[in-house]
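Before any comments, here is the structure.
The values are calculated or read from the model by the stated rules, or taken from the named source; none is laboratory data. All of these numbers come straight from a predicted model, not from anything done at the bench. Positions of Cβ are backbone-derived with ideal geometry, glycine not excepted, and every protein chain shown enters the neighbour counts.
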Amino acid sequence: MRTIPVFAFGIAATLRPREVAALFGWATEPADPRYRMTKTFVMAQHSDGHYIVVYDFGAVVFFDCSKEERETFMSKLLASLPPEPHPPLLDDYLIEVREGSEPLVSFDRAIIPTLDGPIVELMSLILAQSVAMDYYEEDVAVAYKRVEQFANSLAERGAIRLSERSVNRFVGNILSVRNQIAMTLSLLDAPSATWERELYDRLYRHLRVAFEIGDRHQTLEHKIQLIQQNLEIVVDLVQYKRGKVLELTIIALIAFEIVITLTDKLLLKK
């Protein structure tokens, strides 16, 4: 039996697999069997069971890599990106390779008969999606708290002190997070490896259940829908406020014009 530790990091930035490969000197062209690149990820195999997989939605998964290697890699990667809003999130998992065993998945480890390229792809995808969702859960929680502040302000003061630009930016951020979640999960698209062997398909489905990918996605979607519903009310209030200001401005201008006209008439009579 062999135990392989796996660590997944989630960051805010969107990554380009080709640029990551170039940054670390991974020879994907011409073809090198140690490296594999698609539109969504790049994978490097440094030895048996020793892999690094980088996903375009901002996740890096290490198989059997030392702490020093992980830290060196992440430092170099982050140095090439715009500043992160907060430190990368980390998730860890264990793989036990037992020859001849049936795949068995639990919340903290998976038992598999062998560790080959397709299994690395399947496991790294689930771990990458999980840690990315952790990142989005934090963002959504912050947004949810801010909407609660809007509601409390409205209840206590009867008004929301926000500019239309601030509200629009907030709405834009929420839409961006929702789009990123959709890109990250690709819930309807099972990896092509699941079509190759029944073992791969079973392992993928069991991992999705163990990491509660579907349930967590539904929870995030529900929270985002609540945020959007509340934001619609905020936007309506801000637009109403702006409309009232414009209306009062127009009335003031008309009143000013009337005063000027009357003044001119009085002066002409004199």
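Taken over segment 50-80, the criterion of being over 23 Å from Ile4 (Cα atoms), in contact with a Leu (Cβ under 8 Å, 6 or more places away or on another chain) and not small (Gly, Ala, Ser) is satisfied by Asp56, Phe57, Lys76, Leu77. Contact annotation: residue pairs with Cβ atoms under 7 Å, 6 or more positions apart or on different chains, pairing a residue in segment 13-28 that is closer than 17 Å to Ala79 by Cβ and modelled with pLDDT of 90 or more with a partner that is acidic (Asp, Glu) and surrounded by 15 or more Cβ atoms within 10 Å (Cβ to Cβ), are Leu15/Asp56; Arg16/Asp56.
So is Leu154 modelled with pLDDT under 70 and assigned to a helix (DSSP H, G or I) or not? Explain how you work it out, then say what you get.
Values: modelled with pLDDT under 70: yes; assigned to a helix (DSSP H, G or I): yes.
So Leu154 passes the test.
Among the residues of segment 74-130, those that are among the polar types (S, T, N, Q), in contact (Cβ under 8 Å) with a residue 24 or more places away in the chain and either assigned to a helix (DSSP H, G or I) or buried (at least 19 other Cβ atoms within 10 Å of the Cβ) (or both) comprise Ser124, Gln129, Ser130. Please work out if Arg197 is surrounded by fewer than 17 Cβ atoms within 10 Å (Cβ to Cβ), at pLDDT 80 or above and out of contact with any Asp or Glu (no Cβ under 7 Å at 6 or more places or on another chain). So Arg197 fits the description; yes. Taken over segment 63-73, the criterion of being in contact (Cβ under 8 Å) with a residue 12 or more places away in the chain and either exposed (fewer than 14 other Cβ atoms within 10 Å of the Cβ) or at positive phi (or both) is satisfied by Asp64 alone.
Pick from Val171, Val142, Val167: which is surrounded by fewer than 19 Cβ atoms within 10 Å (Cβ to Cβ), assigned to a helix (DSSP H, G or I), out of contact with any strand residue (DSSP E or B) (no Cβ under 9 Å at 6 or more places or on another chain) and at pLDDT below 70? Before the answer, list the steps.
Numbers: Val171 fails: at pLDDT below 70; Val142 fails: at pLDDT below 70.
So the residue among Val171, Val142, Val167 that is surrounded by fewer than 19 Cβ atoms within 10 Å (Cβ to Cβ), assigned to a helix (DSSP H, G or I), out of contact with any strand residue (DSSP E or B) (no Cβ under 9 Å at 6 or more places or on another chain) and at pLDDT below 70 is Val167.
Among the residues of segment 25-37, is any among the aromatic types (Phe, Trp, Tyr), in contact with a helix residue (DSSP H, G or I) (Cβ under 6 Å, 6 or more places away or on another chain) and part of a strand (DSSP E or B)?
Among the residues of segment 25-37, not one is among the aromatic types (Phe, Trp, Tyr), in contact with a helix residue (DSSP H, G or I) (Cβ under 6 Å, 6 or more places away or on another chain) and part of a strand (DSSP E or B), which makes the answer no.
In the condition set (1) surrounded by 13 or more Cβ atoms within 10 Å (Cβ to Cβ); (2) of a type in the set (D, E, K, R); (3) modelled with pLDDT of 90 or more, Arg34 is compliant with all but (3).
Looking for something surrounded by 13 or more Cβ atoms within 10 Å (Cβ to Cβ), within 19 Å of Leu127 (Cα to Cα) and touching a Leu at 6+ places or on another chain (Cβ under 6 Å) - is there at least one such residue anywhere in segment 42-49?
First, the residues of segment 42-49 that are surrounded by 13 or more Cβ atoms within 10 Å (Cβ to Cβ): 42-46, 49.
Narrowing the set further to residues that are within 19 Å of Leu127 (Cα to Cα) leaves 42-45, 49.
Now drop any that are not touching a Leu at 6+ places or on another chain (Cβ under 6 Å), which leaves 49.
Within segment 42-49 (the criterion being surrounded by 13 or more Cβ atoms within 10 Å (Cβ to Cβ), within 19 Å of Leu127 (Cα to Cα) and touching a Leu at 6+ places or on another chain (Cβ under 6 Å)), the answer is yes, since at least one residue qualifies.
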